[in-house]
Every structure is written in C-alpha cells, then in structure tokens.
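Worksheet: the structure to be examined is printed underneath.
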Amino acid sequence: AAQSSTLYQNRSSGRPAITRGDADTASRIAQLHVVHIPKTAISSLMLQTRGQLKHLARQVYAGEKCLRHFETHSPGAMRVTFFRHPRDHVLSQFHHCRDGPYSKRNRRRGFPAGSHDALGDLTKWLSHFSTPSTTADWGCYNPWNMQARYMTCSCTTYIPPWVYCAQHLPSAEAPARPVVAASLAGLERVHVVGISELYSLSTCLLLATVCLRARRDASACNPLPDCCFCDAPAGCAARHVTHGVGNHSRPADLPAPALHAIDRMTTVDHVVYRAALSRFMQDVRALEKSLNRTMLCETGPVASSVRRVLRSAGMNGKNTALETGECFEILRPSVCLMTSAPCSPLGGPCSQLGLPADLT
C-alpha cells in the first residue's frame, strides 16, 4: 500500500478551522469525515486509504449524509468529498439500481428492468424522472442534481432500511434544483475536493492534505508514492468497489435524446462539477509547488487523463486559468456569490465554466 503523504501548504480560505488532536496524539487530527455522495468512488477510496488515514486522524467516518449533517454534528472535523462528471454519475446510478445488490428488490417495486435491453430500460428510467417533481424512486436513487443536493440539503430524516434522504426527494429540504450559489458555497466548505475520474491524483491530494494538517511538519510526513507524479510509468494501483455491477455503457454510447435528458436533470451538477474540477486543479498546483515536483505534466498517462477530463467538462484541456484553478477563485462565494452586489460576467477562458445567466 502507498504510504501517506507529505508537504502540502493549504491555500488561504474561509473554511472553518479543523480541530487537531490532543497533546498525546498531536500527530493526528481529531476527526476526518467523508461526505459520501453515492457513485463517486468513495467506497473505493475508503477501502484503499482507511488504514493510512487512521494514522492521521483519530476518527475516520464516511456517510451518505448531507454536508450540513456533518457540519452540525461535528463542526470541527475535516471534510472530504469527491465529485463525478454528471453524465457518468447518472448512468452509474441507473446501473447500480438496475444491476446492483438491491436490483431484485427494486424490480419487485417496479423498477424498469428485467429485459436484456439496457438502453430501453434506461430510456424508461429517464422518462420516469422527466419532471423534477417526481419523488417515486423505488427506494433507490433520484438522479436530479444529486451532487448539488448533498452540498445543500438540510434533512436528517432516516428512511428505512438504511438510506438518508439526501438520495431522495422527500421534501423541500432536498430540492431537485438546488440554488447554484448555495451549492457552490457548500463546495467551498469542504476541505478536500477530489475528482472521481482523476482518482489516483485525488487520493494523493487527500493523503498529502491530511498529513500536513495533522503534523504541520513536512519532515514528519512520509514521501508520496512515485505513482503520484507525472514521471511515473503508470498511475497508482486502485482497488475499485463495483457493488456487483459489471461493465456497462458509457455516455459516449448513448443516443442524443438520452444525453439531453441527463443534462436537463443535472444543470446545477454541471456547474458544481466544473467548479470542483477547477478547485481541484488549483489545489494540486499548490501541492506541486510545495513538493517541488510535477504532478500535472505535458505528456504521459496522467496528462492524458487530465486533458480528457477537462474536455469532457467543457474545458479546453490546455494550460489556462481553467487548468491552474484560477477560475475557482472567481467562483468562490466570498468573492461574488454571497455578496449583495450582482456578479460580474465571467470573461476569458473562465467563461467556459458555463454558469447560468442568472449568476452573471
């Protein structure tokens, strides 16, 4: 297993302070809480890193609960979450409900499955959720802007057998179209943001951030594994949790009407994902400067993955303000979205973030 990390100076931000451990456990922070947005590789993350993280935090906990639940019950904890491209995220939700461990139960409840035509089942599923007022979800996922919902929902209702309401749309506490400004404000209150499609880099960023928060002294942190850097022959080996779901279709395999339906129900998620990606790039660049080593280089497998992810998010994949993370500074609530003055129109490369017109 990779060893935990080194030397990361977190950028100045308005995020709440993190509680450190007592004097006898000063090398560990008190709490590390992972906001587990379903189908964003958090299960894989916890399987791979929990042992390492326990050396850096006295309590490590992951839960599929609203961000505000963590903030209310443990305001001093360090908070982590991963985001995923909305098209891949919605498609993964569908296949988990259709083919995952609870698929038989879901089918008994009426979930559109049972045939060998996965695309036909997906079309029926998307049609069922064609309006944001739809609440019936067969006890599985409601795909409307789920990632933004986790950043904004206030519900703590426990829905048997084990699911919290953040996965559903039971009330106004988890609306289908969260306010964009509130969603981005939630993103700002998360201390470590990862990107599922850049899983290895996200894992390296997490370990480095927690290590420096816990120990404050770079010499007390073990070096990051070589696979975290762009000159490595391959990325870090990962153990992915599939929940029994095999290989399935990708957004590139879907017809235009299906993609349009997915995009329509994830308009806020698209904005949040682009902001999270820009934030992630900024944080990795800061880590590079601290380490004096390159993680995002011009060639190689990591560089190819980064360019592919930027292109899929509607960004250009070149070394611009988008890639360096400067656009996130424009999006930060403290700069613009939480002020009473209207936001200035985004210009230059940051205009590709695609913010809704009502934010400019």
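The values are calculated or read from the model by the stated rules, or taken from the named source; none is laboratory data. No experiment lies behind these values; they were computed from the predicted model shown. All Cβ positions, glycine included, derive from the backbone under ideal geometry; neighbour counts span all protein chains shown. Areas reflect the complete protein model, heavy atoms only, side chains present, ligands, DNA and RNA absent. Shrake-Rupley method; radii C 1.70, N 1.55, O 1.52, S 1.80 Å.
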Lysines with Cα under 17 Å of LYS104, excluding same-chain neighbours fewer than 8 positions away
none
Could you work out the local net charge near LEU122, counting Lys and Arg as +1, Asp and Glu as -1, over the other residues with Cβ closer than 14 Å to its Cβ?
-1
Separation between the TYR61 and ASP226 pseudo-spin-labels, each 7 Å from Cα along Cα→Cβ, expressed in nm?
4.0 nm
Heavy-atom accessible area of CYS155, protein chains in place, probe 1.4 angstrom, given in Å² to nearest 10, is 0 Å²
Calculated FRET value between ARG107 and ARG308, using beta carbons and R₀ = 35 Å, to 0.05:
0.50
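Given a 1.4 Å probe and every protein chain left where it sits, what share in percent of the accessible area of the range 74-134 is carbon and sulfur? Numbers along the way, then the final one.
Working: 1240 of 2460 Å².
Result for the range 74-134: 51 percent of the exposed heavy-atom area is carbon or sulfur.
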If you plug each phi of the range 192-198 into the Karplus form 6.51 cos²θ - 1.76 cosθ + 1.60 with θ = phi - 60°, what whole-Hz ³J(HN,Hα) values come out, in order, with x for Gly and Pro?
10, 10, x, 10, 4, 5, 10
Once you place label points 7 Å from the Cα toward the Cβ at VAL179 and SER290, how far apart are they in nm?
3.3 nm
Two-site FRET efficiency, ALA136 against THR72, from Cβ-Cβ distance with R₀ of 41 Å, rounded to 0.05
0.90
Would you mind working out the accessible area per residue for the range 46-117, using a 1.4 Å probe, and quoting it in Å²?
42 Å²
Taking θ = phi - 60°, what integer Hz values does the Karplus form 6.51 cos²θ - 1.76 cosθ + 1.60 yield along the range 254-260, in sequence order, with x for Gly and Pro?
8, x, 4, x, 5, 5, 4
